[in-house]
Amino acid sequence: MREDWVEVELGEVCGFVGGGTPSKNNPAFWNGDIPWASIKDIKGENLFCTINFITKEGLKWSSANLALPNEIILATRINPGKPIITKIETAINQDLKIVKPKVEIHIKYLFFSIKNLEKDIIKLSSGTTVLGINLNNLKSIPVPFPPLPIQRAIVSKIETLFSDLDNGITDLKKAQEQLKIYRQAVLSFSFPKKEKIEISKLVTDLSQGWSPKCIRQNSSDITQWAVIKTSAIQAGKFIEFENKILPESLEPRQQHEITKGDILITRAGPRVRVGICCLVRNTRPKLINCDKVYRLRLNTEIVAAEYFEYAMNSPEILSEIEVMKSGSSDSGLNLTQNAFLKLKIPFTSLEKQHQIVREIESRLSVCDKVEESIKEGLEKAEALRQSILKKAFEGKLLSKAEIEKCKQEKDYEPASELLKKIKAEKTKYYLL
């Protein structure tokens with residue numbers, strides 16, 4: 001701990017005010033002009049609006065309380081430890097607490113302090129269905145407390161470093177989006193434009209899977225039967241561990257077992273996920289296809305499986321599949337319809353197909369390497385963000401020169417004076 005810092009329990013410097021939910025059975029309590037925050041609204045650093053609103057009657061006849069602008073709202077249930085600074089006057093529900101400082105403290109310093117404690121709060125939380133932290137446990141968490149000028153300097157430096165970090169993250173995410181565009185361009189320009197063939201002439205078998213009631217756990221045991229989830233199907237990638245365990249009491253339907261060389265296409269689910277195609281290049285045994293996925297087997301004497309997969313994921317074919325989907329949000333795709341079987345994909349000789357696949361994979365392998373580097377960069381950026389917070393509250397973020405500058409400010413007080421104020425305030429506050 002740095003000179004003139006003190007370590008105190010969170011409850012010594014802050015009180016906590018809870019919230020509540022007006023009765024959903026009384027329409028007079030809802031859709032008023034008072035913002036009402038729930039866990040769904042706790043995103044980012046600042047709260048500017050809420051999803052739901054309540055009336056004055058709803059506020060009066062419930063345990064909801066109002067948070068004022070520039071107060072911290074802290075999630076204590078469901079996602080315990082997540083803080084946000086409200087920029088509006090808003091009521092809160094029972095999953096949140098309003099953080100009320102008992103002594104003079106920089107609001108952003110307090111916000112970043114709690115942000116730094118998020119993992120500690122989660123560790124102290126409990127619950128079987130809903131995770132939450134006991135208020136006494138929350139109050140007992142130790143926090144470092146420096147003089148006000150140092151608080152301001154720390155906040156300023158954190159914000160400067162975070163701003164630089166955010167700019168770097170923005171650039172990385174922009175590069176990710178550009179890679180997606182490039183991948184689509186590779187698939188769009190790799191296939192012949194004039195020669196095409198109906199899918200019906202390439203498929204030797206088309207079947208729908210089976211979805212029994214499974215154990216909601218992933219299986220990596222190759223001796224254990226499991227049923228895939230639709231999330232196992234990604235564009236150009238099969239993820240075998242995205243599965244659910246088949247109970248031993250059920251006899252496996254081996255006719256639906258997935259094997260190397262199968263083509264899988266999602267037929268139901270969120271619209272954006274329907275019609276995604278992947279080739280099973282390798283898979284563990286005893287893996288069963290689910291009923292939301294179609295399995296196609298190809299005549300490999302005339303079409304290469306890799307070629308078919310890339311063609312099905314090309315922008316042109318995806319746009320044609322899009323019009324075949326039913327529904328808006330949750331969607332479906334009937335591959336047994338003549339419309340799908342009559343869908344034409346680019347076609348050429350088997351030799352040229354293999355050549356096209358080699359060229360596509362050569363280009364996409366470069367994309368894979370770049371994308372991996374971007375992912376590593378984003379992970380490092382998040383780790384750096386946590387490191388900045390850790391150093392800040394260990395008293396290691398400011399240089400000696402910056403600390404000396406803080407000591408010259410008029411409101412600088414040593415740790416002994418801070419402790420006196422904290423002890424004096426203990427008798428004044430009895431917030432829940």
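The values are calculated or read from the model by the stated rules, or taken from the named source; none is laboratory data. The structure displayed is predicted, hence computed values, not measured ones. Cβ placement follows ideal geometry from the backbone for every residue including glycine, while neighbour counts extend to all protein chains displayed. Keep in mind that these areas ignore ligands, DNA and RNA; they rest on the heavy atoms of the full protein, side chains included. Shrake-Rupley method; radii C 1.70, N 1.55, O 1.52, S 1.80 Å.
What the table shows:
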item	result
In segment 331-360, residue farthest from K292 (Cα to Cα) [restricted to those that are touching a helix residue (DSSP H, G or I) at 6+ places or on another chain (Cβ under 8 Å) and open to solvent by 50 Å² or more (accessible area, probe 1.4 Å)]	H354
Hey, R216 of a type in the set (D, E, K, R), at pLDDT 95 or above and more than 30 Å from L350 (Cβ to Cβ) or not	no
Scope segment 124-150; condition within 21 Å of I98 (Cα to Cα) and assigned to a helix (DSSP H, G or I); matching residues	L135, N136, N137, L138, K139
Conditions (1) open to solvent by 10 Å² or more (accessible area, probe 1.4 Å); (2) within 24 Å of S156 (Cβ to Cβ); (3) in contact with a strand residue (DSSP E or B) (Cβ under 8 Å, 6 or more places away or on another chain); (4) β-branched (V, I, T); number of the one not met by V99	(1)
Elements of type strands (runs of 3 or more DSSP E) in segment 156-256, at least 1 residues being open to solvent by 40 Å² or more (accessible area, probe 1.4 Å)	196-198, 203-208, 243-245
Matching residues, segment 55-69, being farther than 9 Å from T21 by Cα and not hydroxyl-bearing (S, T, Y)	K56, E57, K60, W61, N65, L66, A67, L68, P69
Meets criteria (open to solvent by 10 Å² or more (accessible area, probe 1.4 Å) and within 28 Å of the chain's Cα centre (by Cα)) for T76	no
Cross-chain or 6+ apart pairs with Cβ under 7 Å, segment 408-426 first and within 12 Å of F145 (Cα to Cα), then at pLDDT 80 or above and part of a helix (DSSP H, G or I)	I422/E12; I422/V13
Tally, over segment 257-278, of residues that are open to solvent by 60 Å² or more (accessible area, probe 1.4 Å) and in contact (Cβ under 8 Å) with a residue 40 or more places away in the chain	1
Scope segment 1-39; condition β-branched (V, I, T) and within 21 Å of I98 (Cα to Cα); matching residues	V8, V13, V17, T21, I34, I39
